[in-house]
Amino acid sequence: MNLHEYQGKDILSSFGVRIQRGQVAQSPQEAVAAARQLTEETGTSWYVIKAQVHAGGRGKGGGVKLAKSLKEVEEIASQIIGMNLITPQTSAEGKKVHQVLIAEDVYYPGESEPDEYYMSVLLNREEGKNMIMYSTEGGMDIETVAEETPQLIFTELVDPVLGLLPFQARRVAFNLGLSGQAFKEMVRFVMSLYTAYAKSDATLFEINPVLKTSDNKILAVDSKVTIDDNALFRHKDYVEMRDIREENPFEVEAKEVGLNYVDLDGNVGCMVNGAGLAMATMDLIKQAGGEPANFLDVGGTADAARVEAAFRIILKDPNVKAILVNIFGGIVRCDRVAQGIVDAYKNMGDSINVPIIVRLQGTNADIAKELIDNSGLDVQSAVEFQEAADKVQAVVS
Ligand code: GDP
Ligand code: MN
């Protein structure tokens with residue numbers, strides 16, 4: 001589950017990480033009230049207005065702006081709230097902005113170039129460890145840094161059992177070229193950032209930029225946080241942070257009925273049991289000259305209700321020209337699945353307007369094939385993988 005910048009900052013703050021302070025607002029009026037309150041609390045008279053969407057690169061897209069008065073706060077907030085923000089990380093249509101973060105300006109004017117760093121904590125699956133990735137090149141795209149100046153990116157592997165050891169945090173501060181008070185601040189920053197990551201069961205905490213102020217304070221100016229969905233059961237307060245407006249509506253619906261679904265750009269919908277078979281099926285579709293419209297694992301119980309729910313979600317995508325059902329009957333019986341498909345099809349009547357190719361293999365596959373072939377519906381059966389591929393090809397070409 002991804003979080004908004006302001007939610008990530010709230011979590012950071014709760015673990016003692018110093019952050020650029022701010023308050024979220026849904027309307028220009030709320031924005032002005034938030035700015036007033038911020039001035040009372042921090043003394044700031046300049047503010048940054050930041051679009052809250054699940055995408056980075058907001059600065060480049062015009063979603064982060066400086067306001068030098070309450071009047072400007074109101075003007076900029078009314079520009080940004082409701083806009084379609086297009087950034088290098090969104091689709092071409094962009095993302096609708098529902099809320100903004102009003103934050104204190106922490107880049108004091110008239111200063112020499114502020115020092116910005118990049119820092120993230122993430123899971124390194126290959127090493128089976130957590131990893132701190134950091135760089136002196138903050139504020140810019142880390143992918144660009146990795147491409148052009150990879151020597152400026154450092155990593156620190158952290159054993160999840162031992163946690164981050166103080167000498168490791170000191171090494172981070174040292175590699176960032178810090179000394180004196182800023183060095184001490186950075187050590188504290190890294191230690192508490194790692195604690196936040198570990199205690200919140202996150203898979204990613206990315207802070208870009210981390211800022212060193214002229215008075216040597218280290219603080220998080222941005223935050224990108226992903227919490228491990230499988231750990232959400234022990235973080236009821238984070239579950240409430242979920243903003244489904246930011247998620248793909250098909251995927252939200254699929255999740256509600258317990259289907260493992262990922263929306264893709266292609267023209268052949270697929271319904272498969274098992275993630276491995278789903279990946280192989282997507283390859284099959286590509287080889288047949290089509291493009292998968294989705295990844296969909298219906299899991300172990302491919303009964304009529306689930307099959308129907310899956311069909312309905314797949315068919316919401318207007319690009320879908322055909323659906324390939326590829327089921328291996330190991331635990332589940334193929335004839336049961338075939339009956340499920342036939343029942344779902346009949347139930348849905350005219351709403352199925354694309355050809356369906358069904359490959360059922362495994363227990364009772366022959367009975368299943370008969371069921372499909374005798375159903376009188378626009379469903380083609382296939383037994384072999386190649387046969388299914390050929391039938392897909394005939395439809396998409
Ligand atoms: P992103 O573009 O989505 O990564 O959003 P960020 O939160 O990183 O903000 C983008 C840029 O806005 C930062 O890299 C900073 O250069 C700038 N910025 C953020 N906060 C402030 C601030 O308090 N004052 C000023 N002047 N600039 C800021
Ligand atoms: Mn950023």
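A search for C-beta distances below 6 Å between a residue of the range 352-376 that is of a type in the set (Asp, Glu) and any residue that is open to solvent by less than 50 Å² (accessible area, probe 1.4 Å), counting only pairs 6+ apart in sequence or on different chains, returns ASP373/SER381.
In summary, LEU371 fulfils each of the numbered conditions (1) buried (at least 20 other Cβ atoms within 10 Å of the Cβ); (2) within 35 Å of the chain's Cα centre (by Cα); (3) in a helix (DSSP H, G or I) with the single exception of condition (2).
Of everything in the range 53-95 that's of a type in the set (Lys, Arg) and either touching a Cys at 6+ places or on another chain (Cβ under 8 Å) or more than 11 Å from ligand 1 (Cβ to nearest atom) (or both), which residue is modelled with the highest pLDDT? My answer is LYS71. In this entry, ILE81 passes the filter for residues that are more than 21 Å from THR203 (Cα to Cα) and open to solvent by less than 50 Å² (accessible area, probe 1.4 Å).
Which of the strands (runs of 3 or more DSSP E) contained wholly in the range 186-294 include at least 1 residues that are open to solvent by 60 Å² or more (accessible area, probe 1.4 Å)? So the answer is 224-227, 260-263. Once the range 185-231 is narrowed to residues that are within 16 Å of ligand 1 (Cβ to nearest atom) and among the polar types (S, T, N, Q), the residue that is farthest from TYR117 (Cα to Cα) is THR226. From the list MET119, MET140, the one residue that fits, being within 15 Å of ligand 2 (Cβ to nearest atom), in a loop (DSSP other than H, G, I, E, B), closer than 27 Å to LEU12 by Cβ and outside the structural domain of TRP46 (by TED's automatic domain parsing), is MET140. The set of residues from the range 318-333 being touching a residue at least 60 places away in the same chain (Cβ under 8 Å) and either assigned to a loop (DSSP other than H, G, I, E, B) or surrounded by fewer than 18 Cβ atoms within 10 Å (Cβ to Cβ) (or both) comprises just one member, LYS321. For the range 32-55, filtering for residues that are surrounded by fewer than 20 Cβ atoms within 10 Å (Cβ to Cβ) and basic (Lys, Arg) leaves 1.
Within the range 142-153, being closer than 22 Å to SER223 by Cα and open to solvent by less than 60 Å² (accessible area, probe 1.4 Å) holds for ILE142, THR144, VAL145, ALA146, LEU152, ILE153. Within the range 56-78, being open to solvent by 40 Å² or more (accessible area, probe 1.4 Å) and within 16 Å of ligand 2 (Cβ to nearest atom) holds for GLY59, LYS60, VAL64, LYS65, LEU66. Taken together, PHE189, PHE167 contain a single residue that is among the aromatic types (Phe, Trp, Tyr) and closer than 20 Å to GLU127 by Cβ, which is PHE167. Being under 27 Å from GLU93 (Cα atoms), within 16 Å of ligand 2 (Cβ to nearest atom) and not in a helix (DSSP H, G or I) is the filter here; which residues of the range 1-55 pass it? Matches in the range 1-55: ASN2, LEU3, HIS4, VAL48, ILE49, LYS50, ALA51, GLN52, VAL53, HIS54, ALA55.
Residues in the range 86-103 that are within 14 Å of ligand 2 (Cβ to nearest atom) and open to solvent by less than 20 Å² (accessible area, probe 1.4 Å): THR87, LEU101, ALA103.
The values are calculated or read from the model by the stated rules, or taken from the named source; none is laboratory data. Quick caveat, the model's predicted, so the values are computed rather than measured. Cβ coordinates were reconstructed from backbone atoms using ideal geometry, including for glycine residues, and neighbour counts include every protein chain displayed. Surface areas here come from the heavy atoms of the whole protein model, side chains and all, with no ligands, DNA or RNA. Shrake-Rupley method; radii C 1.70, N 1.55, O 1.52, S 1.80 Å.
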